[in-house]
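Undergrad: Supplied in structure tokens, the structure appears directly below.
The values are calculated or read from the model by the stated rules, or taken from the named source; none is laboratory data. Model, not experiment: these values are computed from the prediction. Here the Cβ is made from the backbone with ideal geometry for all residues, glycine too, and neighbour counts use every protein chain on show.
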Amino acid sequence: MNAFIRYSTILVYKLYYNFHIEGMENVPEKEGVIIASNHRSYADPVLLTMPMKKPVTYMAKEELFRNKLFAAFIRMLGAFPVKRGSGDLSVIDQCADRLAEGKNVVIFPEGTRSKENKVHRGKNGVALIAARSGADVLPMGIIFEGPKLKFRTKLTLKVGKVITSEELALTEASEDIKRGKKIIMNAITELVEGSAVSNSADNGKPEQPVSDNAVSDTSAPDSSEKDTPSADTPSDD
């Protein structure tokens with residue numbers, strides 16, 4: 001990522017929103033971690049970079065790279081193109097490769113934005129990437145009141161404690177993936193809602209197959225919203 005673009009964007013965000021971070025002591029020294037967060041707004045990918053010592057990388061739907069100027073901008077912010085909804089597990093390998101290179105990878109396990117401070121059911125991709133890469137997971141929680149971010153909105157980013165690969169102890173077996181996803185979603189829910197008990201991440205709906213649209217739980221910027229200086233993240237909205 002171009003350092004000037006990154007820090008200029010962060011500065012604009014800090015001026016635009018009433019923003020603060022909790023849990024800076026939990027930011028790991030080492031890089032190459034999976035940053036797993038709830039998904040509230042188009043601003044999320046940049047917000048999640050702010051506590052990190054090095055830039056992050058994240059998926060963006062391939063349609064956004066058709067405009068060469070915008071494609072260059074989001075590449076500077078760490079985006080790489082993927083085809084959404086294809087169920088192509090090669091994307092899991094792309095994430096694992098970036099983690100192996102020491103890059104941080106952002107994932108939104110819910111796969112869509114929420115209009116409230118509530119964590120919804122996660123998808124399997126986050127645990128599958130953790131299993132394949134052997135990377136640690138850093139849970140984060142994004143909190144603000146109301147359905148959308150506005151000028152000077154009070155915006156809090158909570159950084160949770162790292163979930164190590166040893167704690168997860170994942171293989172790619174279906175039961176392991178479901179267990180790992182639950183651990184990760186509970187950690188995010190505790191940051192956002194204050195409790196991991198009876199959270200909506202596991203709300204009694206049947207489990208999805210491990211390979212079911214694993215790609216769709218990752219971030220991707222979108223230019224569809226115009227009310228703030230940022231790219232949007234993809235959603236199923």
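Residues are listed down the side, and each one gets a yes or a no for (1) on the phi > 0 side of the Ramachandran plot; (2) of a type outside the set (Asp, Glu); (3) within 12 Å of the chain's Cα centre (by Cα):
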residue: GLY32; (1), (2), (3): yes, yes, no
residue: THR57; (1), (2), (3): no, yes, yes
residue: LYS61; (1), (2), (3): no, yes, no
residue: PRO81; (1), (2), (3): no, yes, no
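Undergrad: Restricting the range 103-126 to residues that are small (Gly, Ala, Ser) and modelled with pLDDT of 90 or more, which is nearest to THR153 (Cα to Cα)? Can you show your working first?
TA: Narrowing the range 103-126 to residues small (Gly, Ala, Ser): 111, 114, 122, 125.
Next, only the ones that are modelled with pLDDT of 90 or more stay: 114, 122, 125.
Working: SER114: 16, GLY122: 26, GLY125: 31 Å.
Restricting to residues being small (Gly, Ala, Ser) and modelled with pLDDT of 90 or more, the top hit is SER114.
Undergrad: Still on this structure, please answer the following. Those residues that are among the charged types (D, E, K, R) and either in a helix (DSSP H, G or I) or in contact with a helix residue (DSSP H, G or I) (Cβ under 8 Å, 6 or more places away or on another chain) (or both), I need them from the range 1-32; list them, please. Spell out how you get there, then give the answer.
TA: Initially, the range 1-32 is screened for residues among the charged types (D, E, K, R), giving 6, 14, 22, 25, 29-31.
Those that are among the charged types (D, E, K, R) and either in a helix (DSSP H, G or I) or in contact with a helix residue (DSSP H, G or I) (Cβ under 8 Å, 6 or more places away or on another chain) (or both): ARG6, LYS14, GLU25.
Undergrad: If GLY23 satisfies every condition in (1) farther than 22 Å from LEU155 by Cα; (2) within 18 Å of the chain's Cα centre (by Cα) but one, which is the exception?
TA: That leaves (1) as the condition not met.
Undergrad: Okay, next question. Please specify each residue of the range 1-56 satisfying the condition of being closer than 20 Å to PHE80 by Cβ, touching a residue at least 60 places away in the same chain (Cβ under 8 Å) and among the hydroxyl-bearing types (Ser, Thr, Tyr).
TA: Residues satisfying the conditions are THR9, SER37, TYR42.
Undergrad: Filter the range 155-197 down to residues that are outside any loop (DSSP other than H, G, I, E, B), hydroxyl-bearing (Ser, Thr, Tyr) and under 21 Å from LYS123 (Cβ atoms), then give me how many there are.
TA: 3
Undergrad: Related question: Residue check, ARG121 against (1) surrounded by 23 or more Cβ atoms within 10 Å (Cβ to Cβ); (2) touching a Lys or Arg at 6+ places or on another chain (Cβ under 7 Å), all met but one. Which one?
TA: (1)
Undergrad: Taking into account only those residues within the range 52-102 that are assigned to a loop (DSSP other than H, G, I, E, B) and crowded, with 19+ Cβ neighbours inside 10 Å, which is modelled with the lowest pLDDT?
TA: Once the filter is applied, the top-ranked residue is ARG84.
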